[in-house]
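Read the figures in this text as sums done on the coordinates, not as results from a lab. Computed from a prediction, not measured in an experiment: that's the story for all the values here. A quick note on method: Cβ atoms are made from the backbone with ideal geometry, for glycine too, and the neighbour counts reach across all protein chains shown.
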Amino acid sequence: MKWYSVFLFFLFFPAFIFPLNSPSVKIDTTPGWTYTITNTNASIAIPYNISVKIGSDTTLEAGDYIGVFYDSTGTGVLACAGYAIWVGGANSVNLAAWGDDQDTKTIKEGFAGGEQYKWKIWKRKTGQFYDVYATVATGFTYYGDGGLSVLSALVTQGTTVLPPWTYTKTANSHIIGVPLNVSPTISGVAIQSGDYIGVFYDSTGSGGYACGGYQMWNGISVIAVIAYGDDDATATKEGFSTKEVFKWKIWSHSDGKQYYAAATYDKTQPNDSLFAINGVSVLTSLKAPITITDTTDTTIVVPKDSVIVLNCDVAFGTGDITKSVNYRMIGLPCDGTLDAKTITLDKTIFYGRTPNIDWTAFYDDGSGGDYIPYTDATKDKFIFKPGKAFWVISKYDMLLSQVNAKAVQADKNGIYKIGLNKEWTMISNPFAQNVDWNALVALNSNITDPIWDFNEQGEYVVPSGFVSYRGYYFYNRKGLDSLKIPIPSKVVNKQKVKNTLNTVLLNDPIKIYLQNGANAISPVYISFVAGADDNLDDFDQFSPPSNFESSKVYFYNEALNSSYKNLYIDARPGIENGQAYDLRVKHNISNSVQLKFEGLGKYTSAGNEIYLINKRSLKLYNLKESSVVTLAASSSQKADEFIIAIGSQEYFKEVQANIVPDAFVLNQNYPNPFNPSTTISWQLAADSKVTVKIIDILGREKVVLLNETQTVGAHSVQVSLDKNSLSSGVYFYSITAKTLDGSKDFHSVKKMILLK
C-alpha cells in the first residue's frame, strides 16, 4: 500500500479512563494521538478540581484530551505514551503512561525508568493543541514502573495558534506528501511541532499569492498538504489550475512570522511540482531562508532600557547526564539580569535542583586547556552575560516561560559587540530574534570562519542562522577583540563577500565520514583549490573542540603555523607529486562502523594512488579498490590515527618505505579495559619466529595466541571471550620474536584488563 493511501485512514485507540462517576461523552473528533500498550505502566491521577490554565481559557471541557508524551528519539520529537478524555463535572480521571515492554529488548515502546513526563492538551471545540507543564501533588514527575502520581495543576507552556491564511475547499484537489525525513527548516533551523506548512498559487498573475491549503507539522508523523484547485461547477478561479506550479510558505508559531520556502520533489511521482486534479506529489526537501517582511526598510530600531520576555524550553536529550551526546550549548538573549539580579545557573535556571547530580555545566575559557567544571569554587564564572554560552546537561528541561529580563543596549548604529578569546570562543546571540550569520561577515573584517552548532545528535554542524538561546563555537582567526552583531531589524550592507566555506565545498572535495547504520557522522574534506597555501590560509577550516562528541573525524596538521592543529577542511593548491594527511577517528560505538570516502574518482582517474594507513597496526587499505573501511566496535575515547597518502606510484613507494618499522615494538592492546574482545598488535623490524601468549597474574600460561613465522611489518591478533575461557581480572600478554637470521631476540610484556 502506498503511503498516500495510508494517511487517508486514521486509527483511533480508545482512552483508558477510570472516572469516579463516568457519564457518556460523545467524541466526534480526536487529536490523532496513538500509543502502544505494553507490559508496564505508571498511573497518573488527575483530580476533577485540578487547577488548569490554558491560554485565556481556564477550564477543561468534556471531550478535551490530556496526553502524556516522551522523547522517542532523543531529538525532541515527542511520541504519545497514553491519554485520557476529560469527562467533566465532579469526575476525576486516571491516565496510564505506558512504558517499555520488558519482553522486547530492541524496540523502545514508551518511557524508560526515570524518564521525565511531557504533557499536551487538545481542545475539542477549537482543535488546538497546547503544550502544558504539570505540577505534582504527590508522587513523581518522572516515570517509574507501577508508579503513581497525583497532579495538582496544568499550566500552558505555549499555544498552537493558526497562521493568517485562509483557503476555500473545492471539488478538485491535489495531495502533496511531506514525509518526516523532509525535515523542513527555517534558516537552517528545524521547524517545530505547531508550525504550519502552506501551499500557495498566484491568484492575480502578478505574484499575489493566495493560499490553496495548509497543514500543521507535528514532527511525529507524515503529513499531507491538500492543494484545493478550481471547482468545475463555478466560473471563478478558486485555486490551482492544471499544471500550475506550487508555491510554499512556512508559518512559525513561536514568533508569528511566515516565510517563503523552496521545495524539491520526489521525481518518481507522476505530477511532482505541478497541480493535477486528483494528483499526488511528494516532497524531498522544504527550506525557508527568507522571511516575508519588507526588507527595504532601513530604519534602525535601537532598543532602549527595555524588558525582554524570555521563553524557551531546552531539552537535554534523554536526560541522562552521563552521556555526552545530551550536552547542549546554551546562552540567553538579554543583558544577564532579572529584576536587577544576575541570572545564574543555580539560582535562576535550575533553582531547587542539585548541581552535579541533577545538572552540571562546563565553561571554555579559550585557553586550550580542559573545560572548567561548575563547582562552588568556580560558580562565579557561570553568570549569563550577553553573547556568552556554556556547556550544560540536565535531567530536566531548561524551562523559561514569560520571564522578564533586561534587553541588551545596541549602539547608535544598531550594533552590539560581544567579546572574543584569542582562538575558540563559545558565543550566543544577544538578541531575541535570529540573526543571519552572513550579515556579520562584512561587519567583522570579512571573517571567513563559520559558527559551529552542537546538534541534538551530538554532532557539530554549520548553521546558517544565529539562533537565540543556543550557544555556538567560533574560531577567532582574525584576532578580533570583539564580534559585531547587528540587531535583527537593521539592514546591513549587502556587498558581495567571499564565502570560502562554499568555495571549498563546491570545488569537488574528497569527503570522509563515519557511517553508522543510516547516520553519516562528522564529515571532513580534502580540497584542492587554486590559490590555496600548503600552510594555513582562509580555505582551511578548523574543526571545533571535541570534548563532548562521542564520534569525531578530523585532520591533524602538525605543520600549521597556529597553536590549534585540528582541521575540518584541509585545502591545498594541488596534488603535484603527492600529498599526505594525518587523519584522526574517534568513535565510542558498540558496533562496527564504516569509514567512507567519496569523490575519489576525479583524483584517482589521473593515475594517482590513494591509500589509508593505520598508524597503530600499519595496515594498508587501497582506497582505489574499496572506498569503505570497516572499523571495529570501540568504547574508547582515544582517537585512532591514520595516514591518507594520495599521489603517484613513486610518491607512495616513498611513504610506504617510511612506514616500515625500524624496531621491534609491542603495542598496548586496544581497547583496554575490554569486553568482549580486544586487539593485540606488534611491529617486526625483520622476518621472525613469533610467539604471543596470555599469562595470568600468578604467571601461569593461559592461552597461546599464535606461534608462527611472520614477515617484517605490522601484525595483530584478536582476543575474544568467545574463543578463550577467561574470567574478569588483570592479565599479561607477552611476545617473543627471534629473527630468522639469528641476529635479534625480542621479548616484551604488557598488562591488560578484562571486565565482564
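Between SER716, ILE694, VAL665, whose Cα lies farthest towards the positive end of the dipole of region 665-754 when Lys and Arg beta carbons carry +1 and Asp and Glu beta carbons carry -1, centred on the Cα centre?
Checking the options against the dipole of region 665-754, the answer is ILE694.
Of ALA571, TYR228, HIS253, which is farthest towards the positive pole of the chain's charge dipole, taken about the Cα centre with +1 and -1 on the beta-carbons of Lys, Arg and Asp, Glu respectively?
Among ALA571, TYR228, HIS253, the one farthest towards the positive end of the dipole of the chain is HIS253.
Which of the residue pairs LYS624/LYS653; LYS586/LYS624; LYS412/LYS484 have a Cα-Cα distance greater than 20 Å in the structure shown?
On the way: LYS624/LYS653 16 Å; LYS586/LYS624 24 Å; LYS412/LYS484 13 Å.
Listed pairs above 20 Å: LYS586/LYS624.
What residues have an amide H closer than 5 Å to that of ASP195, excluding those fewer than 5 places away on the same chain, when H is modeled at 1.01 Å from N in the peptide plane?
For ASP195, whose amide H was placed from the backbone, the distant partners under 5 Å are TRP217, HIS253.
For every other residue with a beta carbon closer than 15 angstrom to the beta carbon of ILE427, add +1 if it is Lys or Arg and -1 if Asp or Glu, then tell me the sum.
Cβ neighbours under 15 Å give a net charge of +3.
So for the pair THR59, LEU706, with labels modelled 7 Å out along Cα→Cβ, what separation do we get in nm?
8.0 nm
Quick one: which residues, 5+ away or cross-chain, put their amide H under 5 Å from the amide H of LYS118? H built at 1.01 Å from N.
PHE69
What are the residues whose amide H is under 5 Å from the amide H of ASN429, where those residues sit 5 or more places off or on another chain and H is modelled from the backbone?
Here TYR469, ARG470 satisfy the definition.
PRE reach from THR236 (point 7 Å along Cα→Cβ): which of region 162-193 fall under 17 Å by backbone N?
So the set is 166-172.
Treat each spin label as a single point 7 Å out from the Cα along the C-beta direction, and report the LYS744 to ALA530 distance in nm.
Here the answer is 5.0 nm between the modelled labels.
Would you mind counting up the charge near ILE383? Only other residues with Cβ under 13 Å from its Cβ, with Lys and Arg at +1 and Asp and Glu at -1. Could the numbers behind the result be given before it?
Values: positive: LYS341, LYS347, LYS379, LYS381, LYS385, LYS388; negative: ASP335, ASP346, ASP380.
Taking every Cβ under 13 Å from that of ILE383, the sum is +3.
For region 688-696, in order, what is each residue's ³J(HN,Hα) by Karplus, 6.51 cos²θ - 1.76 cosθ + 1.60 with θ = phi - 60°, in whole Hz (x at glycine and Pro)?
8, 8, 10, 10, 10, 10, 10, 10, 7
Mind checking which aspartates and glutamates have their C-alpha under 12 Å from LYS118, skipping anything on the same chain fewer than 8 residues away?
ASP71, ASP131, ASP313, ASP397
Among the lysines, which fall within straight-line cross-link reach of LYS693, defined as a Cα-Cα distance under 25 Å, with same-chain neighbours fewer than 8 residues apart omitted?
Result set, ordered by chain and number: LYS615, LYS619, LYS702, LYS723, LYS738, LYS744, LYS750, LYS751, LYS756.
Among TRP391, SER428, PRO184, which residue has its Cα positioned farthest towards the positive end of the charge dipole of the chain, with +1 placed on the Cβ of Lys and Arg, -1 on the Cβ of Asp and Glu, and the dipole taken about the Cα centre?
The listed residue farthest towards the positive side: TRP391.
Do you know the relative contact order of region 307-486, to the nearest whole percent, from alpha carbon pairs under 8 angstrom that are 6+ apart? It would help to have the intermediate numbers written out before the result.
Numbers: 406 pairs, mean separation 55.1, N = 180.
It comes to 31 percent, rounded to a whole number.
Is there a pair in LYS108/LYS596; LYS511/LYS565; LYS347/LYS385; LYS53/LYS406 whose C-alpha atoms are over 23 Å apart, and which pairs would that be?
Numbers: LYS108/LYS596 29 Å; LYS511/LYS565 19 Å; LYS347/LYS385 15 Å; LYS53/LYS406 27 Å.
LYS108/LYS596; LYS53/LYS406, as the Cα separations exceed 23 Å there.
What number, rounded to the nearest 500 deg cm²/dmol, is the helix-based mean residue ellipticity at 222 nm of the chain, given -39500 (n - 2.57) per DSSP H run of at least four residues and division by all its residues? The partial results should precede the final answer.
Values: 5 runs with 29 residues, N = 756.
Calculated from helices alone, the mean residue ellipticity at 222 nm is -1000 deg cm²/dmol.
From Cα pairs below 8 angstrom and at least 6 apart in sequence, can you work out the relative contact order of the chain, rounded to a whole percent? Mind showing how you got there, number by number?
On the way: 1829 pairs, mean separation 50.5, N = 756.
Relative CO of the chain lands at 7 percent.
Please sort by residue number the GluC sites (Glu not before Pro) in region 593-646 whose DSSP state is loop and whose Cβ has at most 13 other Cβ atoms within 10 Å.
Filter output for region 593-646: GLU625.
Residue by residue through region 179-195, what is 3J(HN,Hα) from phi via Karplus (6.51 cos²θ - 1.76 cosθ + 1.60, θ = phi - 60°)? Round to whole Hz and write x for glycine and proline.
x, 4, 6, 5, 6, x, 9, 10, 6, x, 9, 4, 6, 9, 4, x, 6
Per residue of region 134-139, what does 6.51 cos²θ - 1.76 cosθ + 1.60 with θ = phi - 60° give for ³J(HN,Hα)? Whole Hz please, x for Gly and Pro, Karplus curve as stated.
Ordered by residue, 3J(HN,Hα) equals 9, 9, 10, 7, 9, x Hz.
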